[in-house]
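The values are calculated or read from the model by the stated rules, or taken from the named source; none is laboratory data. Because the structure is predicted, anything quoted here is derived from the model rather than measured. When we count neighbours, we look across all protein chains shown, and the Cβ atoms used for this are built from the backbone with ideal geometry, even at glycine.
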There are 2 protein chains.
Amino acid sequence: MFSRDGISLENYFENLMSRGVKSSPQLIRDEILKMNIFNSVFVDCTASQAISELYESLISRNISVVTANKIAASSDYKNYHHLKETARKTGTKFLFETNVGAGLPIINTMNSLTNSGDKIVKLQAVLSGTLNFIFNTLSEDVPFSKAIKMAVDAQFAEPDPRIDLSGLDVTRKLVILSREAGAQVEQENVQKHLFIPQKYFESTLDEFWSTIPEMDEAFENRRKKLDKEGKKLRFIATYDNGLCEVGLHEVEKGHPFYDLEGSNNIIMITTERYNEYPMVIKGYGAGASVTAAGVFSDIISIANIR
Amino acid sequence: MFSRDGISLENYFENLMSRGVKSSPQLIRDEILKMNIFNSVFVDCTASQAISELYESLISRNISVVTANKIAASSDYKNYHHLKETARKTGTKFLFETNVGAGLPIINTMNSLTNSGDKIVKLQAVLSGTLNFIFNTLSEDVPFSKAIKMAVDAQFAEPDPRIDLSGLDVTRKLVILSREAGAQVEQENVQKHLFIPQKYFESTLDEFWSTIPEMDEAFENRRKKLDKEGKKLRFIATYDNGLCEVGLHEVEKGHPFYDLEGSNNIIMITTERYNEYPMVIKGYGAGASVTAAGVFSDIISIANIR
């Protein structure tokens with residue numbers, strides 16, 4: 001449904017039924033451009049490739065884009081760079097704070113540091129609430145396969161949890177952060193150290209669920225050993241002077257990532273100025289309400305009304 | 001020296017000597033208003049009361065203010081509120097991110113949360129790099145009085161370290177944060193639990209230095225006891241649903257404030273959305289370079305060029 005005057009929430013459903021039209025990305029773009037509203041913002045809360053492909057034509061026509069969708073910012077560097085450059089040239093904003101850490105102020109903070117002449121030299125982060133939940137949930141009573149199932153049931157993980165387990169989600173986030181830190185990185189440049197064999201990512205989802213319990217024993221043995229040594233498992237993303245890596249690491253008590261509760265995220269930002277002790281930001285890295293708030297905060301920063 | 005065309009750094013000193021005039025806050029204000037430059041920003045890196053009193057006439061004439069000076073934002077609530085309201089009405093900015101935690105993104109983050117409809121219910125923070133340095137430095141070989149001296153020598157503390165020891169600095173910071181969280185707080189509303197007797201704040205600075213070693217034994221006894229119990233001393237500021245308190249607390253291993261190195265600051269922000277686990281921001285809370293970067297970042301956010 002398109003309306004230049006806004007959509008009243010009181011009778012939106014009746015209006016949608018009577019005046020709604022069949023949508024497509026092209027139709028959305030054409031209707032938006034036709035309306036030609038000053039200082040307008042396009043907000044993408046989908047995970048759709050097709051919608052992300054609209055950004056270029058919107059930004060180049062002075063429409064700002066706020067997006068929770070990670071696809072564009074983690075796509076080919078050329079595409080990411082072109083979108084940023086187009087936004088810079090047209091004085092439009094292309095904001096995607098919620099792509100990493102949901103509502104946590106990570107990308108804004110990195111940009112403020114860089115804009116004030118600082119240089120980001122290293123990032124270390126736990127960026128997957130899903131994986132952190134899984135490794136925090138493992139116990140004598142909860143084997144690996146059950147912890148994955150619990151993450152799906154709690155809607156921390158995607159319906160196909162392999163998007164998280166394969167490190168794809170963390171890889172995308174690390175690529176986005178590394179680019180904001182100034183590196184020309186592609187997803188294939190990220191070194192991946194995965195923790196379950198490749199075959200699980202090649203089967204169907206049903207096959208995955210029926211075969212993944214094969215891993216339970218190995219994880220339980222590892223958990224017991226780590227428990228004795230006072231260590232925990234964390235899936236860590238690292239950017240270090242241009243090099244990107246994601247992988248499962250064992251962290252000791254006292255390590256900043258050891259006490260990372262539930263599905264929280266944490267990032268340590270080392271810069272030329274924040275050097276001996278990095279800047280640390282920690283908190284919910286996923287969830288509908290904090291992500292919505294982050295999207296809204298990006299919109300407000302464009303409106304520049306506060 | 002005043003120049004509408006800017007000041008060249010190449011020969012600024014000769015120019016200052018030949019064209020410089022004797023300054024006063026009133027002269028500064030009058031010259032700035034006379035220049036009448038569009039979208040200009042007044043930057044205050046002093047700790048001067050007289051300079052802070054210029055803000056009102058500048059903001060009401062559409063000149064934004066960026067300040068590292070804590071005096072205005074921690075003055076009478078009425079004055080703080082009037083400055084914020086005037087800025088809102090004139091569409092001008094009154095920014096003071098560096099008043100708390102130097103370059104750490106604390107106030108901006110709180111504002112983003114609030115602007116997106118969240119509500120800040122609790123703040124817990126270590127906001128004095130000086131006091132944290134002192135309590136981290138205490139050891140068998142470094143008594144209390146020497147740790148204070150070391151903080152002054154390292155320029156973490158004011159030349160008169162009692163501004164830090166009296167909790168005045170932390171009180172001001174807590175007042176500023178509580179106001180940004182929505183509370184109408186005055187400095188005298190903050191409950192203070194100090195750790196050295198009142199008499200040390202009433203003597204001259206020389207008397208202070210000659211008498212403060214009297215406290216060394218008590219602090220060494222406490223340090224030894226805490227060491228055995230695996231605890232540390234932290235000077236903590238708390239805002240909890242409108243109530244403000246600063247005081248010295250013993251924190252155990254595993255407490256988020258236990259591993260707070262050197263002169264770092266940390267803040268835990270509990271909101272309606274960041275509830276079970278608060279948002280945590282940690283890093284250098286003082287220092288010329290990170291403070292300068294924070295000031296610069298405020299200026300850039302007004303220029304809105306990135």
Q) Within the bounds of the stretch B:250-260, is there any residue that is over 17 Å from the mean Cα position of the chain (by Cα) and away from chain A (no Cβ under 13 Å)? A) yes
Q) Which of the residues belonging to the stretch B:87-99 are among the polar types (S, T, N, Q) and either within 10 Å of chain A (Cβ to nearest Cβ) or buried (at least 19 other Cβ atoms within 10 Å of the Cβ) (or both)? A) B:Thr92, B:Thr98, B:Asn99
**Q.** Residue count, the stretch B:125-145 (criterion: out of contact with any helix residue (DSSP H, G or I) (no Cβ under 6 Å at 6 or more places or on another chain) and surrounded by fewer than 20 Cβ atoms within 10 Å (Cβ to Cβ))
**A.** 5
Q | Count - residues of the stretch B:174-191 that are surrounded by fewer than 16 Cβ atoms within 10 Å (Cβ to Cβ) and within 20 Å of B:Arg234 (Cα to Cα) | A | 1
Q.
So the check is Cβ under 8 Å with 6+ separation or different chains; which pairs have a first residue in the stretch B:146-170 that's surrounded by fewer than 22 Cβ atoms within 10 Å (Cβ to Cβ) and a second one that's among the β-branched types (Val, Ile, Thr) and not in a helix (DSSP H, G or I)?
A. B:Met150/B:Val142
Q: Considering only the stretch A:280-306, state which residues are facing chain B (nearest Cβ under 7 Å) and in contact with a Lys or Arg (Cβ under 7 Å, 6 or more places away or on another chain).
A: A:Val280, A:Ser289, A:Val290, A:Ala293, A:Ile300
(Q) Could you go through the stretch A:75-96 and let me know if any residue there is within 20 Å of the chain's Cα centre (by Cα), among the small types (Gly, Ala, Ser), more than 15 Å from A:Gly294 (Cα to Cα) and outside the structural domain of A:Asn265 (by TED's automatic domain parsing). (A) yes
Q.
Just to be sure before I move on: is B:Leu177 under 18 Å from the mean Cα position of the chain (by Cα) and either in the same structural domain as B:Leu260 (by TED's automatic domain parsing) or not in a helix (DSSP H, G or I) (or both) in the structure I sent?
A. yes
Q | Out of B:Thr238, B:Thr271, sole residue that is modelled with pLDDT of 95 or more, in contact with a helix residue (DSSP H, G or I) (Cβ under 6 Å, 6 or more places away or on another chain) and not basic (Lys, Arg) | A | B:Thr271
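Filter the stretch B:100-129 down to residues that are farther than 16 Å from B:Tyr258 by Cα and hydroxyl-bearing (Ser, Thr, Tyr) and give me whichever is farthest from the other protein chains (Cβ to nearest Cβ).
The qualifying residue farthest from the other protein chains (Cβ to nearest Cβ) is B:Thr114.
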Q. Of all residues in the stretch A:274-306 being charged (D, E, K, R) and touching a helix residue (DSSP H, G or I) at 6+ places or on another chain (Cβ under 8 Å), which is surrounded by the fewest Cβ atoms within 10 Å (Cβ to Cβ)?
A. A:Arg306
Q) Tell me, which helices (runs of 4 or more DSSP H) wholly within the stretch A:1-75 include 3 or more residues that are at pLDDT 95 or above? A) A:25-35, A:49-52, A:55-59
(Q) Filter the stretch B:171-226 down to the residues that are touching a residue at least 12 places away in the same chain (Cβ under 8 Å), closer than 30 Å to B:Ser74 by Cα and among the acidic types (Asp, Glu) and list them by number. (A) B:Glu180, B:Glu186
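For the stretch B:58-116, how many residues are among the acidic types (Asp, Glu) and more than 16 Å from B:Lys173 (Cα to Cα)? Reasoning before the result, please.
If we filter the stretch B:58-116 for residues that are among the acidic types (Asp, Glu), which is where we start, we get B:76, B:85, B:97.
Adding the requirement that they be more than 16 Å from B:Lys173 (Cα to Cα) leaves B:85.
So the count comes out to 1.
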Q) Hey, any hits in the stretch A:156-166 for a residue that's in contact with a strand residue (DSSP E or B) (Cβ under 7 Å, 6 or more places away or on another chain), assigned to a helix (DSSP H, G or I) and of a type outside the set (Lys, Arg)? A) no
Q: Assess whether A:Tyr239 counts as being within 13 Å of chain B (Cβ to nearest Cβ), crowded, with 19+ Cβ neighbours inside 10 Å and among the aromatic types (Phe, Trp, Tyr).
A: no
Q | Verdict on A:Ala151 being hydrophobic (A, V, I, L, M, F, W, C) and either assigned to a helix (DSSP H, G or I) or in contact with a Lys or Arg (Cβ under 6 Å, 6 or more places away or on another chain) (or both) | A | yes
(Q) With away from chain B (no Cβ under 12 Å), among the hydrophobic types (A, V, I, L, M, F, W, C) and under 16 Å from the mean Cα position of the chain (by Cα) as the only criterion, which of A:Ile163, A:Ile148 stands out? (A) A:Ile163
Q) Does the stretch A:93-121 hold any residues that are closer than 17 Å to A:Asn265 by Cβ and not in a helix (DSSP H, G or I), and which are they? A) A:Phe96, A:Val100, A:Gly101, A:Ala102, A:Gly103, A:Leu104, A:Pro105, A:Ile106
